[in-house]
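Asks: First, the structure itself, so that you have it in front of you.
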């Protein structure tokens, strides 16, 4: 029995509902009778009862009960507040040929607060930058591959051959857009892929970014999304100086299961995060970029179970200033120079904490000869020291390439200079020359539970 007053159903989007869509802004009504315990004259379930019993899987059963009643098999109305970009009102094709930019932008602009723009499986090309101009909206695809080089991306946005612009997706500070009075807060990006196709963006300086966000953009969540093959940063976050001279910056972001992979350019990073604060990155992956996670001036930021591998320079880099950052269970592998590079300055009471982190085989092609390290700490100068660093259960090991050749690296498990304090509690530090280098300051405090060693080839 179905009680009255139940909320409207949200359909499964594994396949598109076959019912024609309502006029934009309207939602199909369900009568009070359909919300009641009423059954059809033939003894079949109502549409609502069939849906709540299991949508598509319930429909055949409803038909059987009704003796083939067409009423019982009617399709379920679309979800309230959802916009499908392939509907006639918007006209996106998703065929990897047409310019779907105008259709996507129209759908983004039509979405109301709390609503969702849905991109069914397809490859959507755009010749224009796509702008998010509404707060508290969700843009959702059907699937994005974790490893883009191994699998396709059913819901994918990519540049058209005639694309010009700085990024595929753009979010701006309110003062950058004439007439805007509200910050673009509360945006959600879910299960979408962004493929830069190594497009140069019509000669745009700095290449094409995946997502480019400037200024005060708060409470943005990216979940299960993939960015790859960009000539600019995959995810680029930057501050913006407002008219009163104050800097506005992003805060409160949550990035979960986000992949940034395969950029081109000496300083083109996976995650390029300038002044992003009060943020959490969980189970994110960066690889084959310049630096996987480059973070300028983090404050109250936590990385959990993130991985940075096969980048040309660094796995993680904290730069310029640090107001507190935590790495929990994060790892690196085979980055060109250092697994972690910490070059920030900051106070004595805002340490960097690495807990249960693992650096493996980094430093095979360092930016300077004989300098690669699993973790390198280097303050700006002898007077502008790096904030304290605390390592708990940190592991740094040496190794060679996957083909079992090439130089063994890194030179040092941990390399420490020009810092306020380094405390190491529990762990394993190995380098081809030394597990720990802290000359000349000797400020590292290492407890007895840390194994520090120079790599020695095993006996035959």
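Asks: Given the residues 171, 157, which is the only one that is farther than 18 Å from residue 93 by Cβ, out of contact with any helix residue (DSSP H, G or I) (no Cβ under 7 Å at 6 or more places or on another chain) and assigned by TED's automatic domain parsing to the domain that holds residue 247?
Replies: Going through 171, 157 in turn, just one is farther than 18 Å from residue 93 by Cβ, out of contact with any helix residue (DSSP H, G or I) (no Cβ under 7 Å at 6 or more places or on another chain) and assigned by TED's automatic domain parsing to the domain that holds residue 247: 171.
Asks: Among the residues in the stretch 296-313, are any over 17 Å from the mean Cα position of the chain (by Cα), without any contact (Cβ under 8 Å) to a residue 24 or more places away in the chain and either under 25 Å from residue 336 (Cα atoms) or not in a strand (DSSP E or B) (or both)?
Replies: No: zero hits.
Asks: If you don't mind, another one. Would you please name the residue that is farthest from residue 221 (Cα to Cα), looking only at residues in the stretch 144-171 that are without any contact (Cβ under 8 Å) to a residue 60 or more places away in the chain, in a loop (DSSP other than H, G, I, E, B) and in contact with a strand residue (DSSP E or B) (Cβ under 9 Å, 6 or more places away or on another chain)?
Replies: Checking each candidate, the answer is 161.
Asks: Ok, one more. Could you count how many residues in the stretch 238-269 are in contact with a helix residue (DSSP H, G or I) (Cβ under 8 Å, 6 or more places away or on another chain) and either under 15 Å from residue 314 (Cα atoms) or surrounded by fewer than 15 Cβ atoms within 10 Å (Cβ to Cβ) (or both)?
Replies: 1
Asks: Does any residue of the stretch 316-326 turn out to be in a loop (DSSP other than H, G, I, E, B), at positive phi and either without any contact (Cβ under 8 Å) to a residue 12 or more places away in the chain or in the same structural domain as residue 442 (by TED's automatic domain parsing) (or both)?
Replies: no
Asks: Name every residue in the stretch 176-196 that is on the phi > 0 side of the Ramachandran plot and either crowded, with 18+ Cβ neighbours inside 10 Å or not in a loop (DSSP other than H, G, I, E, B) (or both), in order of residue number.
Replies: 186, 191
Asks: Those residues that are more than 16 Å from residue 171 (Cβ to Cβ) and either surrounded by 14 or more Cβ atoms within 10 Å (Cβ to Cβ) or outside the structural domain of residue 161 (by TED's automatic domain parsing) (or both), I need them from the stretch 97-106; list them, please.
Replies: Matches in the stretch 97-106: 98, 99, 100, 101, 102, 103, 106.
Asks: Can you name the condition, by its number, that residue 228 falls short on among (1) touching a strand residue (DSSP E or B) at 6+ places or on another chain (Cβ under 7 Å); (2) surrounded by fewer than 24 Cβ atoms within 10 Å (Cβ to Cβ)?
Replies: Looking at each condition in turn, residue 228 falls short on (2).
Asks: Within the stretch 386-420, can you find the residues that are at positive phi, in contact with a strand residue (DSSP E or B) (Cβ under 9 Å, 6 or more places away or on another chain) and not in a strand (DSSP E or B)?
Replies: Answer for the stretch 386-420, where residues must be at positive phi, in contact with a strand residue (DSSP E or B) (Cβ under 9 Å, 6 or more places away or on another chain) and not in a strand (DSSP E or B): just 418.
Asks: Quick test for you: out of 290, 286, 359, 344, pick the one residue that is at pLDDT below 95 and either crowded, with 24+ Cβ neighbours inside 10 Å or within 20 Å of the chain's Cα centre (by Cα) (or both).
Replies: Only one candidate passes the filter, namely 344.
Asks: Evaluate the following for residue 309: is it more than 25 Å from residue 379 (Cβ to Cβ), in the same structural domain as residue 389 (by TED's automatic domain parsing), surrounded by 19 or more Cβ atoms within 10 Å (Cβ to Cβ) and in contact with a strand residue (DSSP E or B) (Cβ under 8 Å, 6 or more places away or on another chain)?
Replies: Yes.
Asks: Does the stretch 427-436 contain at least one residue that is under 34 Å from the mean Cα position of the chain (by Cα), at pLDDT 95 or above and in a loop (DSSP other than H, G, I, E, B)?
Replies: The answer is no, given that none of the residues of the stretch 427-436 is under 34 Å from the mean Cα position of the chain (by Cα), at pLDDT 95 or above and in a loop (DSSP other than H, G, I, E, B).
Asks: Only one of these is under 17 Å from residue 342 (Cα atoms) and assigned by TED's automatic domain parsing to the domain that holds residue 332: 379, 431. Name it.
Replies: Being under 17 Å from residue 342 (Cα atoms) and assigned by TED's automatic domain parsing to the domain that holds residue 332 holds for just one of 379, 431, which is 379.
Asks: Can you find even one residue in the stretch 249-265 that is modelled with pLDDT under 95 and part of a loop (DSSP other than H, G, I, E, B)?
Replies: yes
Per-residue answers, yes or no, for (1) at pLDDT below 95; (2) buried (at least 20 other Cβ atoms within 10 Å of the Cβ):
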{"residue": "58", "(1), (2)": "yes, no"}
{"residue": "80", "(1), (2)": "yes, no"}
{"residue": "91", "(1), (2)": "no, no"}
{"residue": "118", "(1), (2)": "no, yes"}
{"residue": "138", "(1), (2)": "no, no"}
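Asks: Is it the case that residue 336 is surrounded by 18 or more Cβ atoms within 10 Å (Cβ to Cβ), in a loop (DSSP other than H, G, I, E, B) and without any contact (Cβ under 8 Å) to a residue 40 or more places away in the chain?
Replies: Against the criterion (surrounded by 18 or more Cβ atoms within 10 Å (Cβ to Cβ), in a loop (DSSP other than H, G, I, E, B) and without any contact (Cβ under 8 Å) to a residue 40 or more places away in the chain), residue 336 qualifies.
Asks: Yes or no: the stretch 90-97 includes at least one residue that is over 15 Å from residue 156 (Cβ atoms) and without any contact (Cβ under 8 Å) to a residue 40 or more places away in the chain.
Replies: The answer is yes; a qualifying residue exists.
The values are calculated or read from the model by the stated rules, or taken from the named source; none is laboratory data. Since we're looking at a predicted model, the values are computed, not measured. Cβ atoms come from the backbone with ideal geometry, glycine included; neighbour counts cover every protein chain shown.
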